[in-house]
Amino acid sequence: MERSKLETLCYSGTGDPHAHHHTQIVIPFSGSLELEVNGRQSIIEKGSAALISQTQKHHHYAQKQNECIVVNNIPSWDSEAEVQSSFINLTSETLQLLPFLKHLSSHSSVEEHKLETSLALLGLLLPLPKTKLTRSAQLFKKAESILSNTPNIKIKALAEQLHISHSALHSLFIKHANTTPKQFQQSRLADKIEQLLISDPHQTLDELAFTLNLPDPTSLARIYKRVRNTSPKSQSTFK
């Protein structure tokens with residue numbers, strides 16, 4: 001179900017870590033709220049706000065009563081662009097706009113042009129990214145680096161290091177590599193095996209498995225054959 005562009009929410013308890021496929025702005029109107037965004041925690045209250053880029057993992061700790069204005073997928077924020085800082089202080093001009101935004105969020109039959117005009121003004125007042133930084137490309141580059149340093153990392157752990165969901169990780173690799181994370185990882189592992197055999201053709205499968213921190217030589221041989229359609233023994237001189 002698609003979220004409303006403008007909502008008023010009262011957070012309670014501790015929320016489960018999650019991510020959206022859209023940007024989100026959380027602005028306390030009253031009370032306070034502790035948020036964790038991308039591994040960083042901060043308490044926000046009236047006069048401050050949280051800017052959450054798409055696919056960033058976040059959750060809340062609400063120990064006090066609060067009422068927050070929540071803006072989803074604001075048009076002036078390119079969903080591919082990531083903010084430099086998730087937690088910000090609001091200007092006096094932005095604070096003056098909040099009562100009107102709260103009024104709009106509490107009425108289901110708001111005229112569309114009033115809503116769009118108000119959100120456009122909010123976008124001008126907030127420090128949203130002005131240039132398009134390709135967040136997905138940055139994430140993919142980081143994922144490549146992690147796989148290069150720890151080629152046998154669990155896919156779940158890779159998603160956690162990138163602070164994105166498993167489904168977002170899958171979409172990331174389909175977009176940039178036209179393959180799944182698992183297939184990409186196995187291809188990189190096959191490359192590593194080949195490189196190690198070229199540097200020392202006399203290595204045994206046991207030694208290779210130990211070097212790559214794989215559970216056993218059978219797993220190593222299975223991965224290599226799946227990718228290269230041949231045995232790693234054909235690339236080495238050991239018997």
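The numbers here are math on the coordinates, done by the rules we state, and not lab data. Please read these numbers as outputs of a predicted model, since none were measured by experiment. Neighbour counts run over all protein chains shown; Cβ positions are idealised from the backbone, glycine included.
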*asked:* Beyond 29 Å, how much of the Cα-Cα pair distribution for the chain remains, as a whole percent?
replied: 44 percent
*With the contact rule set at Cα under 8 Å and sequence spacing of 6 or more, what percent relative contact order holds for segment 6-125?*
31 percent
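Quick check on segment 135-235: take the gyration tensor over C-alpha atoms, sort the square-rooted eigenvalues as a ≥ b ≥ c, and tell me if it's rounded (a/c under 1.5), prolate or oblate. The partial results should precede the final answer.
On the way: a/c = 2.34, a/b = 2.09, b/c = 1.12.
Because a/c hits 1.5 or more and a/b exceeds b/c, segment 135-235 counts as prolate.
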*Compute the Cα gyration tensor for segment 1-139, then decide on rounded, prolate or oblate, letting a ≥ b ≥ c be the square roots of its eigenvalues: rounded whenever a/c is under 1.5, prolate when a/b is larger than b/c in the other cases, and oblate in all that remain.*
rounded
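Over the chain, what relative contact order in percent results from Cα pairs under 8 Å that are six or more residues apart? Numbers along the way, then the final one.
Values: 382 pairs, mean separation 38.6, N = 239.
Relative contact order comes out at 16 percent.
Stretch residue 80-residue 198 to full length: gain in nm at 0.36 nm per residue minus the Cα-Cα span? The partial results should precede the final answer.
Values: separation 118, 0.36 × 118 = 42.48 nm, distance 4.04 nm.
Net length gain for the segment: 38.4 nm.
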*List every residue whose amide H lies under 5 Å from the amide H of residue 29, counting only residues 5 or more places away in sequence or on a different chain, with H placed 1.01 Å from N in the peptide plane.*
67, 68, 69
*DSSP loop GluC sites (Glu not before Pro) in segment 29-138 with at most 12 other Cβ atoms within 10 Å of their Cβ, which ones?*
111
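Expressed as a rounded percentage, what relative contact order does segment 135-235 have, with Cα pairs under 8 Å and six or more residues apart?
Working: 80 pairs, mean separation 23.3, N = 101.
Worked out over segment 135-235, it gives 23 percent.
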_11 Å cut-off, amide nitrogen to a point 7 angstrom out along residue 120 Cα→Cβ, residues in segment 72-103_ = 76
*asked:* Per DSSP helix of 4 or more residues, -39500 (n - 2.57); summed, then divided by the residues of the chain. What does that give at 222 nm, rounded to the nearest 500?
replied: -13500 deg cm²/dmol
*Computed E for residue 45/residue 142 - FRET, C-beta separation, R0 35 angstrom, nearest 0.05*: 0.60
*If packing is taken as the mean number of other Cβ atoms within 10 Å per residue, what is the order of 196-205, 19-28, highest first?*
19-28, 196-205
